[in-house]
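Trainee: First the structure, then my questions, so here it is.
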Amino acid sequence: MEDSKRRDAIQLFYLKYGFATRCLHAGEKVGQPKSKSHTNAIFQTSTFTFDDAEEGADIFAQKREGFVYTRMGNPTVMVAEAKLNALEGREIKLADPENVRVSSLLFSSGMAATSSLTYALLKPGDEFLRGAVLYGSSDHFFVDVAPKFGMKPVVVNTCKPAELKKAIKAHPKAKMLFFETPTNPLLEITDIEDAVKTVKAVNPEIVVAVDNTFATPYLQQPLNHGVDVVMHSTTKYLSGHGTIIGGALVTRHDWIKDALFKIMKDHGPSPSPFDCWLLNLGMKTLPIRVDKCCQNAMTIARFLEQHPKVEKVYYPGLESHPQHELAKRQMRLFGGMVGFDIKGGYACAQKVMNNVHIFSLAVSLGCVDSLIQHPASMTHASMAPEARAKAGIGDGHIRLSIGIEEEEDIIHDLEQALKKC
Ligand SMILES: *Cc1c(COP(=O)(O)O)cnc(C)c1O
């Protein structure tokens, strides 16, 4: 059942190509039958047949490679996994091939990936550190679900190195550190390399996991900074068109991959082949989509920054962002997410949301088209008002996921909506 050798093989070869070339070509031939088809096939099947009884027995005994049942592996899923290996994979020039090998597993959702990682790494009684500001459901999972299994979360603001140092010293046996950078929705940045060094100096065994959903492997590759596991909601930029719910974990450790595969097999957070096919299609255009999103986001952040009805703009690409220098060092570009506080609070935020034409009023992010939402009443509504205030998410805060439309159209849309308040 352990099919990771094939899963891994592809990226060693592809790492010699540039990022955009890997997006297009890596993984495309993995597990595919010989055919004249230019694009890879969708294997929408639950099970796979054996040529004879001997082959079936051999595959089960792991003497021969082969697919058995889609919960445990499927060629369409594997194509997308192999592509992701090549995208998150570490730079081949840094080390010998054995040390650059990474493995990806795809999941039915980002939350399935995060929860599976937790189940794979922790047991009752284990402590773990988690970022102070996380995606809503990740927060709920760590607060409400993980403790039911005896796992003990410790909240730490990883953007503040002194706080992280204090936390790991107070919990030197913590098994995992899980955080996001940039965070949702205020786009705060953690110095990944520094965070890894800080916690591993106290506990070399700790597994550091980064939710890389907002950045994507195009803008930031945490495995290159010493991180052990990268998590993605593939629902967002990786698939890019708002068509699927999916998740991924990428790791450079075989023992973690094997532990995750056990969860996949026996807990069942497996993705659908069709969703993985759409994901693979989306990943082909990742760099040109993200380039345009970032370019548009930068222009819109500057437009908002000088607008009289805007109190404050949150975008790591702005010189006014407190961690602009760190973002510049750590990320290729600054991402497609822009936040702003509007003067006049919720009433004005409502006016803007109800009067935009190009933006869709919807949660989620990372689509080719622009989305607008209000964290305090939507994605972060379940936070206690005090916790929300402490995190700095005000009632006048609006979150934009900038798409790849013409930038002047997006600006005009915001301009006319802002006039309404
Ligand atoms: C969407 C998201 C998730 C959860 O992913 P799903 O695919 O919705 O389960 C986790 N982290 C971040 C940063 C996200 O944006």
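Trainee: Please go through the residue pairs LYS152/LYS236; LYS165/LYS236; LYS343/LYS390 and name each one whose alpha carbons sit more than 26 Å apart in this structure.
Mentor: From LYS152/LYS236; LYS165/LYS236; LYS343/LYS390, over 26 Å: LYS152/LYS236; LYS165/LYS236.
Trainee: Only residues of segment 210-251 count here: report those whose backbone N is under 18 Å from the spot 7 Å along Cα→Cβ of MET378, or say none.
Mentor: 214, 235-237, 240-245
Trainee: Residues with amide H under 5 Å of MET176's amide H, sequence separation 5 or more or different chain, H placed in the peptide plane at 1.01 Å from N; which?
Mentor: The list, which skips near neighbours in sequence, is LEU129, VAL207.
Trainee: Consider just the alpha-carbon atoms of the chain and return their Rg together with their Dmax, both in angstrom.
Mentor: Spelled out, the Cα radius of gyration and Dmax of the chain are 21.7, 75 Å.
Trainee: Right, next: I'd like the isolated cysteines in the chain, meaning no second cysteine's beta-carbon lies under 4.7 angstrom from theirs.
Mentor: When partners are defined as cysteine Cβ atoms under 4.7 Å apart, the chain leaves CYS23, CYS159, CYS276, CYS293, CYS294, CYS367 without one.
Trainee: Rounded to whole Hz and in sequence order, give me ³J(HN,Hα) for segment 377-390 from the Karplus expression 6.51 cos²θ - 1.76 cosθ + 1.60, θ = phi - 60°, writing x for Gly and Pro.
Mentor: 9, 10, 4, 10, 5, 7, 5, 4, x, 5, 5, 5, 5, 5
Trainee: Enumerate the residues in segment 169-192 having an amide nitrogen under 16 Å from the point lying 7 Å beyond the Cα of PHE149 toward its Cβ.
Mentor: Output list for this probe position: 175-178.
Trainee: While we're looking at this one, here's another question. Angle, helix 273-284 long axis vs. longest principal axis of the chain, Cα atoms, 0 to 90°, nearest 10?
Mentor: Roughly 60 degrees, rounded to the nearest 10.
Trainee: A further question follows. Starting at the first residue of segment 328-337, write each ³J(HN,Hα) from the Karplus equation 6.51 cos²θ - 1.76 cosθ + 1.60 with θ = phi - 60°, in whole Hz, x for Gly and Pro.
Mentor: 4, 6, 9, 10, 5, 9, 9, x, x, 9
Trainee: Here is a follow-up. What is the calculated FRET efficiency for LYS197 to ASN224, with r their C-beta to C-beta distance and R₀ = 22 Å, to the nearest 0.05?
Mentor: 0.95
Trainee: Expressed as a rounded percentage, what relative contact order does the chain have, with Cα pairs under 8 Å and six or more residues apart?
Mentor: Computed value for the chain: 16 percent relative contact order.
Trainee: Note down the nm distance, to one decimal, between modelled labels 7 Å out along Cα→Cβ at PHE50 and at LYS63.
Mentor: 1.1 nm
Trainee: Now for a separate question. In debye, nearest 20, what is the charge dipole magnitude of segment 4-284 about its Cα centre with +1 on Lys and Arg Cβ and -1 on Asp and Glu Cβ, if you could check?
Mentor: That gives segment 4-284 a dipole magnitude of about 280 debye.
Trainee: Please report the base-10 log of the normalised intensity I(q)/I(0) for segment 354-401, using a Debye sum with one equal scatterer per alpha carbon and no solvent, at each q in 0.26, 0.29 (1/Å).
Mentor: -0.92, -1.04
Trainee: Aspartates and glutamates near LYS36 by alpha-carbon distance under 20 Å, same-chain residues fewer than 8 away left out - which ones?
Mentor: Result set, ordered by chain and number: GLU28.
Trainee: Here's another thing I want to ask about it. Under a 5 Å amide H to amide H cut-off, with H placed in plane at 1.01 Å, what residues pair with ILE404 once short-range neighbours are removed?
Mentor: ASP369, SER370
Trainee: Taking the alpha-carbon set of segment 163-274, what are its Rg and Dmax in Å?
Mentor: Computed over the Cα atoms of segment 163-274, radius of gyration and Dmax are 15.1, 46 Å.
Trainee: Considering the Cα trace of segment 286-418, what is its radius of gyration and what is Dmax, both in angstroms?
Mentor: Final numbers for Rg and Dmax: 14.1, 40 Å.
Trainee: Can you give the FRET efficiency to the nearest 0.05 for LYS36 and ILE288, using r as the Cβ-Cβ distance and R₀ = 22 Å?
Mentor: Efficiency, rounded to the nearest 0.05: 0.20.
Trainee: As I understand it, the value is the acute angle between the Cα axis of helix 286-305 and the longest principal axis of the Cα atoms of the chain; what does it come to in degrees, rounded to 10?
Mentor: 10 degrees
Trainee: Using a Cα-Cα cut-off of under 12 Å, which aspartates and glutamates could be cross-linked to LYS292, ignoring same-chain neighbours fewer than 8 residues away?
Mentor: ASP369, GLU405, GLU406, GLU407
Just so you know, all these numbers are worked out from the coordinates, no wet-lab data involved. Given the structure is predicted, the values throughout are model-derived calculations rather than measurements. Please note: Cβ atoms are built from the backbone with ideal geometry, for glycine as well, and neighbour counts cover all protein chains shown.
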